[in-house]
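Here is the structure we will look at, set down as structure tokens.
The values are calculated or read from the model by the stated rules, or taken from the named source; none is laboratory data. Note that the structure is a prediction, hence the values are computed from the model and not measured. Every residue, glycine among them, receives a Cβ derived from its backbone with ideal geometry; neighbour counts consider all protein chains shown.
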Amino acid sequence: MNFRHLSGSSATPKTLKFGFDQKSFVKIINKTAVSQSLTNATEQTLMRGHSAAITCTATNKNLMLTGETGYDSDVLLWDTETNQILQRFSEHDGGIIAVDFSDDDLFWCSYGADGWLHIVEIASGDIVCRQAPTASNELLKLSILKFGGRISDPRGFKLALYQLIGISESGLLVKIVFNPKTALIETTVINSANIKKSVMDCEFLQTDRNLAVAVTLSGDVFMIDLTTQALICQMQLPGQISVLNCVSVLKPNQALLQQRQAQQKKNIYQTYGRMEQLDEFVAIGGQNAVCILRGQQNNWQVVKRLNLAENVIGIDSDEAGRIIFECSSGKIQLLVPPDYIQAELCSHHTKRITSMQFIGDKLVCAASEDNTLRILDLCDYNPGLVINTGFTAKTPTYPTAVCLNEVQLVTGFSNGDLKIYDVENGDLLTQIQAADRGVIASISCMRNLILLGSQTGDVRVWDLRGQKIVDQQRPHTQPVCQVQLMKDLKENPLVISSSEDRYLCATVAGVRILDFQLGGPLRAFVQINGLFFCIGGRAVDIVDLKEHKLVDHLEFQQRLMSLCARSDSELVVGCDDGSVLRIGVNANKLSLIEAKVKVHGGSVDKISSFNGVVVSADSVGELVVWD
């Protein structure tokens with residue numbers, strides 16, 4: 001069983017980056033950094049090393065920094081060419097807020113929730129500065145921090161001082177000057193008269209690294225001279241964009257950049273004109289829009305504006321002038337100059353997968369807590385059909401179970417509702433409100449009959465033609481984990497159900513005809529050749545329900561969370577530690593074939609298979625395809 005693809009997105013703001021080779025991009029899925037090709041979604045490289053969710057990223061050539069949340073939080077320095085960890089930095093407590101590289105590739109910095117700013121030498125990994133930014137003898141809490149380069153004097157010559165720019169939690173713009181000789185920083189709050197609004201993001205300009213662009217909560221764009229703290233220009237984007245979340249300054253060609261920097265050096269007797277060489281492209285992402293600006297001296301104009309139906313949370317650009325941005329829905333898109341036509345790279349769920357259902361051997365439908373049903377193409381992993389369930393993020397209702405009924409997707413929700421969608425176009429065909437009293441945990445379909453298993457311990461059989469309940473019972477005292485609808489010898493509906501009360505039950509017309517108790521919560525089962533293969537607690541069991549006997553038992557150290565049959569002779573099991581186990585079945589005897597140890601970032605709660613293809617999903621939002 002080989003790894004094929006990792007799907008998902010944690011929609012972490014300001015973490016999307018271009019790859020160093022300009023052929024890939026880096027996105028974050030909880031604890032994992034994923035490098036994916038811009039042209040071929042099947043080409044992926046995973047970088048795992050964090051024990052908690054990644055909160056911030058920074059790239060510089062082939063190097064990448066990632067910081068995580070949590071009390072004992074680490075910063076990792078990666079070589080993205082070899083996918084190796086070069087440095088692990090564990091000096092912060094409480095989580096990492098920001099990381100970045102200096103322009104000259106000598107230093108990197110990290111700022112944590114503990115209030116400490118660390119500046120580290122890249123070559124040696126030594127800490128050259130450790131200080132908490134303060135203003136007026138009070139600790140400054142930052143939400144954004146960007147590392148620039150050496151400060152230039154009015155003639156354009158570089159000084160032995162480095163400049164950083166940050167944003168405080170209250171939205172103030174903060175300038176930090178680092179002196180390598182004294183290993184100290186000096187912090188100044190930029191409180192120009194016109195900058196009175198909450199700043200959301202900022203970035204150094206490329207033409208002159210003493211200039212910065214900042215975007216605000218009110219939709220304003222500021223250009224600021226960090227040396228004099230003067231406001232150079234201010235503009236508001238057309239179309240009344242209320243919130244601007246992120247900004248990226250497009251990187252010019254290196255030869256052109258060096259030529260510009262050489263032109264900036266003037267005679268000692270001349271006055272330095274800071275704006276006369278300004279020629280910048282700036283990409284800005286905000287609420288329902290992406291704008292591309294061009295600034296020449298004091299004149300700024302909108303080159304391109306894209307109207308979207310969602311919020312842009314991250315944006316980046318490369319030396320080729322391409323722009324990549326991520327939306328809060330998990331959609332990542334690429335803009336290519338000169339026309340900046342949109343090209344969708346991927347569209348993934350942003351929260352935990354609650355249920356999965358194969359649609360043939362080439363498509364799989366995943367229901368997620370982000371209130372979507374997404375159909376993933378297993379051939380090229382390109383974005384497929386996305387069905388919005390109608391609920392919003394403000395409501396606690398989300399899809400919890402999905403089942404394919406011929407050409408219909410039958411979906412159960414956390415509030416007990418039932419909705420049926422057309423699998424081809426995503427249209428809502430019908431719905432039944434309060435189809436169950438509690439959270440619908442599992443669904444099984446057989447033509448016009450739909451079996452629901454609830455977290456209240458109930459099972460119900462609905463007839464879709466009359467939209468009425470034809471069978472209702474409560475065979476369990478704990479939440480139902482899985483149900484299966486079959487027919488008995490008299491063609492009556494036969495209900496098979498498993499529950500956290502450790503029972504596997506078979507009922508007909510409300511009568512409990514067969515049951516078997518296992519040693520732990522019975523979270524899943526599959527039926528092969530008349531026998532039931534179940535996971536209960538930490539063991540896999542083979543149960544002959546008709547004879548009421550245990551055929552075989554295989555125990556593990558991990559808790560077993562999910563189960564599927566890859567074939568009649570092989571089972572695949574997901575574990576709470578992120579491992580995936582392959583278990584062989586030979587003459588009704590169980591044996592471990594292979595253990596994929598901790599291949600997931602969280603507990604593997606859902607797993608499904610069809611024609612040898614296996615899809616597993618965990619508690620932190622990762623969905624992995626195997627074959």
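Consider segment 377-402. How many of its residues are more than 30 Å from ALA343 (Cβ to Cβ) and either in the same structural domain as ALA524 (by TED's automatic domain parsing) or touching a Ser or Thr at 6+ places or on another chain (Cβ under 6 Å) (or both)? The total comes to 3.
Criterion applied to SER24, SER35 was being without any contact (Cβ under 8 Å) to a residue 60 or more places away in the chain, surrounded by fewer than 22 Cβ atoms within 10 Å (Cβ to Cβ) and not basic (Lys, Arg), and the one residue passing it is SER24. Among the residues examined, SER198 qualifies as closer than 26 Å to GLY67 by Cβ and assigned by TED's automatic domain parsing to the domain that holds ALA230.
Return a yes/no flag: does segment 405-413 have any residue that is polar (S, T, N, Q) and assigned to a loop (DSSP other than H, G, I, E, B). The answer is no, given that none of the residues of segment 405-413 is polar (S, T, N, Q) and assigned to a loop (DSSP other than H, G, I, E, B).
Residues in segment 389-414 that are modelled with pLDDT under 90 and not hydrophobic (A, V, I, L, M, F, W, C) were compared, and the one that is farthest from GLU310 (Cα to Cα) is GLU406.
Flag not set for PHE178, criterion: of a type in the set (Phe, Trp, Tyr), in a strand (DSSP E or B) and over 24 Å from TRP108 (Cα atoms).
Taking segment 503-559 as the range and being assigned to a loop (DSSP other than H, G, I, E, B) and of a type in the set (Lys, Arg) as the test, the residues that pass are ARG538, LYS546, ARG559.
Would you say GLY390 is of a type in the set (Gly, Ala, Ser) and either loosely packed, with under 14 Cβ neighbours inside 10 Å or closer than 30 Å to ARG4 by Cβ (or both)? In short, yes.
Selection within segment 1-21: residues that are of a type in the set (Ser, Thr, Tyr) and assigned to a loop (DSSP other than H, G, I, E, B). The member of this set that is surrounded by the most Cβ atoms within 10 Å (Cβ to Cβ) is SER9. Among the residues of segment 364-374, is there at least one that is hydroxyl-bearing (Ser, Thr, Tyr) and in a loop (DSSP other than H, G, I, E, B)? Checking segment 364-374: not a single residue is hydroxyl-bearing (Ser, Thr, Tyr) and in a loop (DSSP other than H, G, I, E, B). Tally up the residues in segment 455-501 that are out of contact with any strand residue (DSSP E or B) (no Cβ under 8 Å at 6 or more places or on another chain) and aromatic (Phe, Trp, Tyr), please. Qualifying residue count for the region: 0. Here is the figure for segment 129-170: residues that are part of a loop (DSSP other than H, G, I, E, B) and under 16 Å from ILE185 (Cα atoms) total 6. Between PRO383, PRO396, the distinction of being in a loop (DSSP other than H, G, I, E, B), closer than 26 Å to SER603 by Cα and touching a Cys at 6+ places or on another chain (Cβ under 8 Å) belongs to PRO383 only.
In segment 81-93 there is no residue matching the filter, namely being in contact (Cβ under 8 Å) with a residue 40 or more places away in the chain, in contact with an Asp or Glu (Cβ under 8 Å, 6 or more places away or on another chain) and buried (at least 22 other Cβ atoms within 10 Å of the Cβ). Are there any pairs, at least 6 apart or on different chains, whose C-beta atoms fall under 8 Å, with the first in segment 213-236 and farther than 23 Å from ALA289 by Cα and the second crowded, with 21+ Cβ neighbours inside 10 Å and of a type in the set (Gly, Ala, Ser), and if so, which? Sorted first by the residue in segment 213-236, then by its partner, the pairs are ILE224/ALA212; ILE224/ALA214; LEU226/ALA212.
Taking the numbered list (1) buried (at least 23 other Cβ atoms within 10 Å of the Cβ); (2) touching a Phe, Trp or Tyr at 6+ places or on another chain (Cβ under 8 Å) in turn, GLU326 passes all entries but (2). Residues in segment 145-160 that are modelled with pLDDT of 95 or more and among the aliphatic types (A, V, I, L, M): LEU145 alone. Within the bounds of segment 82-99, is there any residue that is of a type outside the set (A, V, I, L, M), closer than 25 Å to SER317 by Cβ and modelled with pLDDT of 95 or more? No. Under 7 Å between Cβ atoms, which residue pairs at least 6 apart in sequence (or on different chains) link something in segment 53-78 that is buried (at least 19 other Cβ atoms within 10 Å of the Cβ) with a partner that is β-branched (Val, Ile, Thr) and assigned to a loop (DSSP other than H, G, I, E, B)? As it stands, the answer is ALA53/THR69; ILE54/THR12; ILE54/THR15; THR55/THR12; THR55/THR69; CYS56/THR15; THR57/THR15; MET64/THR80, since those pairs meet every condition given.
Okay, residues lined up against (1) part of a strand (DSSP E or B); (2) within 30 Å of GLN517 (Cβ to Cβ); (3) aromatic (Phe, Trp, Tyr):
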position: ALA435; (1), (2), (3): no, yes, no
position: GLY457; (1), (2), (3): no, yes, no
position: GLY466; (1), (2), (3): no, no, no
position: GLN482; (1), (2), (3): yes, yes, no
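The set of residues in segment 557-574 that are closer than 12 Å to GLY536 by Cα, among the hydrophobic types (A, V, I, L, M, F, W, C) and touching a Ser or Thr at 6+ places or on another chain (Cβ under 8 Å) comprises MET561, VAL573.
Residues that are out of contact with any Phe, Trp or Tyr (no Cβ under 8 Å at 6 or more places or on another chain), of a type outside the set (A, V, I, L, M, F, W, C) and at pLDDT 95 or above number at least 2 in the following strands (runs of 3 or more DSSP E) confined to segment 561-627: 570-575, 580-586, 589-596, 604-610. Put simply, of GLN467, GLN527 the only residue that is at pLDDT 95 or above and surrounded by fewer than 17 Cβ atoms within 10 Å (Cβ to Cβ) is GLN527.
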